[in-house]
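What follows is calculated from the coordinates using simple rules that are stated; it is not laboratory data. Everything quoted here is computed from the prediction, not taken from an experiment. Neighbour counts are summed over all protein chains in view; Cβ atoms, including those assigned to glycine, are modelled from backbone coordinates with ideal geometry.
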Amino acid sequence: MTEKAHADKNNSTVLGKRIVRCAGSTAVCGIPSREVGGAYQIQAVDWELRDWPLQYAGVVDRAITMDLSIGRISIPQIVEIDNTSAQALLQDVTVSKRVSSYTLREPVLQLEKEIEMLLRAGNPSFNDGLGVRLADWHREDRGLVIDVQPVAFTDVLKSNMQMDRVLSNGETLRTVLHENGRLEPLDESVLGNPIGVDILLFTKRGDMVVQKRSERMAIRPGALAPSVSGGFDWEDVAPDDVRTLADVPIWREMIEELGVAQGVLRDLHFLGVARELARGGQPEAFFSGSLDVTTEDLTTQWAAARDSWEASQLRFYALGELAVRRLRTRDEYEELARCMSSLLEEILEESSVTLLANIALWLAWKRNEYEDA
C-alpha cells in the first residue's frame, strides 16, 4: 500500500517524530514534546510518556491495540466506551446536560494562581471559552447516555495540561492522581476532561484522508492526524433541541478544517471514546465517515477552508471500495486489514496517537460489519 497523493500548504519537510519502543512483539507509541506558542506555552505535559505501560500498569490491558506484521501496537489510549461491536447509532446516544459548570478541586486547585499569572503574562488579552466536559456515562437498553457539563478552557489548561507540573509537595499532578497506576472513573476525576473529537474520513473512491499537522500547532505539530481533529464547544450541545449525538453538529470541525459542505458527509459512525494517558485520561470521541467528494474536489475546498492553516498537507491513501461499503465476508476484512497494515508500516513514525487510535477503532468496526452480516 502506497500513498496515493498529497496536497501541500508549504515546503516544510520537518516531521513530527514519534518514539516507537519495542518490548518483545509490542511497540509502545508516544509523542515527543515541542516548544509551542500562545497559551500552550505554559503546558506541563510529558507527551512522550515513554514508560506509560509501567506508569499505568493497572489499565494497560484496556489500551487500544492493533496487530501489524511487525507485531502488536499498543497505544496510550484507554478504552472508555467501545461502540465498535454494539454499533449504536448517533440517535441512540443520549446527551444529558448538567447545569453546573466544572470547578477546580484539590490538588489541581494548587496550580490555579500560578497558571493564571503565567497565562495573563503571556497573553493578557486571552479570551476564555467553554468546552464540553464528559462527566460520566452509562448504558441503557436502547443505547448510551453521556453526561456532560460546561468546562472553561482555562480550567482545562490548569488541569489536564499540567499533569507533569511539580506541586508544592515535590510531586507532580500525575503521580498524585495516578499513583496506583490506574485512571480514576470519570465521575470521580478532578480534571477538566473536555471531550476531544477525531474523525477518520474517506472519499467516495475509498481514499483515507489524513492531515499532516502544521508546525504552528500547539499539540502534536508535524504529526499525521485524523482527517478532522478538534473539540466540542458548549454551544454545540446547549440548545434544548440537542438531545442525542445526532443533534450535535459533529460536522462543524469538518467544515472549518476541510472546507466541505455538511451535505457531502455520509455514514457518520460513532466508534467510541478513549482516554488519552498523556493528558491524564482526557476523553476523546472517535468517529468515521465518508465524503461524497473526490480527492481533487477536497484539495480545492481545503485550500479555502477557514482553519486550513492547521495542516501543512492533506494526504490521501487509497484503500478502495472496501473502505466505504459494508463488508460481507471475513476475506474482505482480511484484505482491508492487510492493506492498512502495509500502509501503517510506511507511516508509523509520522503517525500521532490519535490517528492510530482512530484507525484501530475503525478497523474493529469494519470487522464487526461482516460478523453481523
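Among PHE286, PHE232, sorting on how many other beta-carbon atoms sit within 10 Å of each Cβ, with the fewest leading, yields PHE232, PHE286.
Restricting attention to the range 3-372, lysine pairs at least eight places apart or on different chains and with alpha-carbon atoms under 26 angstrom apart total 13.
Does the range 39-162 classify as rounded, prolate or oblate by the C-alpha gyration tensor (a ≥ b ≥ c root eigenvalues; a/c under 1.5 gives rounded; else a/b over b/c gives prolate, otherwise oblate)? Oblate shape, in that a/c is at least 1.5 and b/c is the bigger or equal ratio. Per-residue ellipticity at 222 nm, computed for the chain from helices alone with -39500 (n - 2.57) per DSSP H run of at least four residues, works out to -6500 deg cm²/dmol. Residues whose amide H comes within less than 5 Å of that of TRP137, counting only those at least five positions distant or on another chain, are ASP147 (H built at 1.01 Å from N in the peptide plane).
Centre-to-centre, using Cα atoms only, the range 175-194 and the range 225-273 are separated by 27 Å. Computed from the Cβ-Cβ distance with R0 of 35 Å, the FRET efficiency linking SER85 to ARG182 stands at 0.90.
Take the alpha carbon gyration tensor of the chain, find the square roots of its eigenvalues, order them as a ≥ b ≥ c, and report rounded if a/c is under 1.5; if not, report prolate when a/b exceeds b/c, else oblate. Note, shape of the chain comes out rounded. Each part gets one Cα centre, and for the range 312-334 versus the range 39-84 those centres are 25 Å apart.
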